[in-house]
1. Select from region 144-196 the residues that are among the hydrophobic types (A, V, I, L, M, F, W, C) and closer than 19 Å to Asn85 by Cα and list them in ascending order.
2. For residues in region 24-81 being among the polar types (S, T, N, Q) and outside any helix (DSSP H, G or I), which is modelled with the lowest pLDDT?
3. Consider region 211-220. How many of its residues are assigned to a loop (DSSP other than H, G, I, E, B) and either touching a helix residue (DSSP H, G or I) at 6+ places or on another chain (Cβ under 8 Å) or of a type in the set (Asp, Glu) (or both)?
4. Output yes when any residue across region 114-126 is touching a Phe, Trp or Tyr at 6+ places or on another chain (Cβ under 6 Å) and farther than 16 Å from Thr65 by Cα, and no when none is.
5. Only one of His174, His182 is more than 24 Å from Thr79 (Cβ to Cβ) and not small (Gly, Ala, Ser). Can you tell me which?
6. On the given criteria, is His188 surrounded by fewer than 22 Cβ atoms within 10 Å (Cβ to Cβ), under 18 Å from the mean Cα position of the chain (by Cα), farther than 30 Å from Glu164 by Cβ and free of Cβ contacts under 8 Å to residues at least 40 places away in the same chain?
7. Out of all the residues in region 119-141, which are under 13 Å from His86 (Cβ atoms) and of a type in the set (A, V, I, L, M, F, W, C)?
Amino acid sequence: MPRVSIAELTSKRITGYVNWKRNRRKHLFGNTLERVLADMREAKPDHVAITGDLVNLATRTEVETARLWLETHFDPQTTTLVPGNHDAYVPGAFQHSTAAWRPWMRSDEDDGRKKMFPTLRRRGQVALIGLSTANATLPFMATGDFGRKQARAAGELLDEAREEGLFRVILIHHPPVRGAAHWHKRMHGIGTFSKMLKRHGAELVLHGHTHLDTLYHLPGKDGAVPVAGIASASQGPGGKKPVAGFNLFEIDGKPGDWRLSHQRMRLCDSGTGVNLIDAGLIGATA
């Protein structure tokens, strides 16, 4: 359970704290996350993408604990993180969390002087473009924002990566798909994102937020772009949402002839490991 001071409760955090006590803590955490991490290590991925919500109320204690967790488990060179709405839960939280977690977020050429998002990280044949939809909202709201300024800057990075012959992966917290989240949790700027994707293209979009195992496809410059979501990595059995798991993607091919394979892994109720629940080719260019 998050540690919260009386001063911190004089804000939107009080509604989040009540929600945590009444609902979320019943099915989140325990040793679920540790079990998922153990199986992820067994899979030996080249790179890990984390699409936000490392904390619940974005208190200073939570943010620092998350930083220590990242340092313990994830090399910043092989892990890319984007923030979620809980990481920007109240005014000022976004600046605090992104400063604490900057090594896992920043662009390769980041000099600390420009606005952080969008970000671009090159890893072999892959370009990871990080976007931020995280912002503080009113109580009972969990919406995100994706504006034209960020879309223009992201479009330039997508074009740059395309010219370099890289497979482009967009990381974003809120799903950029109409109807994917309830109205009070949706992303403002879905139309802006759609225009960006049609104009500049991408090969894969990864999102968080909904805590659901989903796969959509959106129109891109060169064809349909897979958009994948995943259950919360802390979701234990017995809740309304799917049990924790992770997505595995295998990228093969070359510019103009990419092949993207997908495996969706889900934790067993017995806690003995993960099951493969879905697999297949979800993206290809020719």
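1. From region 144-196, those among the hydrophobic types (A, V, I, L, M, F, W, C) are 146, 151, 153-154, 157-158, 161, 166-167, 169-172, 177, 180-181, 183, 187, 190, 193, 196; that's our starting set.
If the condition is that a residue be among the hydrophobic types (A, V, I, L, M, F, W, C) and closer than 19 Å to Asn85 by Cα, then Phe146, Ala151, Ile170, Leu171, Ile172, Val177, Ala180, Ala181, Trp183, Met187, Ile190, Phe193 are the ones that fit.
2. This residue is Asn31.
3. Start the filter on region 211-220 by keeping residues that are assigned to a loop (DSSP other than H, G, I, E, B), which leaves 211-214.
From the residues that got through so far, the ones that are either touching a helix residue (DSSP H, G or I) at 6+ places or on another chain (Cβ under 8 Å) or of a type in the set (Asp, Glu) (or both) too are 213.
Number satisfying all stated conditions: 1.
4. Of the residues in region 114-126, the ones touching a Phe, Trp or Tyr at 6+ places or on another chain (Cβ under 6 Å) are 125-126.
Applying the additional criterion that residues be farther than 16 Å from Thr65 by Cα yields 125-126.
Yes, that holds for at least one residue.
5. Details: His174 fails: more than 24 Å from Thr79 (Cβ to Cβ).
Going through His174, His182 in turn, the sole match is His182.
6. Details: surrounded by fewer than 22 Cβ atoms within 10 Å (Cβ to Cβ): yes; under 18 Å from the mean Cα position of the chain (by Cα): yes; farther than 30 Å from Glu164 by Cβ: yes; free of Cβ contacts under 8 Å to residues at least 40 places away in the same chain: no.
So His188 does not fit the description; no.
7. Ala134, Ala136, Met141
Residue by residue, here is whether (1) without any contact (Cβ under 8 Å) to a residue 60 or more places away in the chain; (2) under 18 Å from the mean Cα position of the chain (by Cα); (3) closer than 25 Å to Ala233 by Cβ holds:
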| site | (1), (2), (3) |
| --- | --- |
| Glu64 | yes, no, yes |
| Trp104 | yes, yes, yes |
| Asn135 | yes, yes, yes |
| Glu156 | yes, no, no |
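The values are calculated or read from the model by the stated rules, or taken from the named source; none is laboratory data. Keep in mind it's a predicted model, so treat the numbers as computed, not measured. Every residue, glycine as well, gets a Cβ built from its backbone with ideal geometry; the counts of neighbours run over all protein chains shown.
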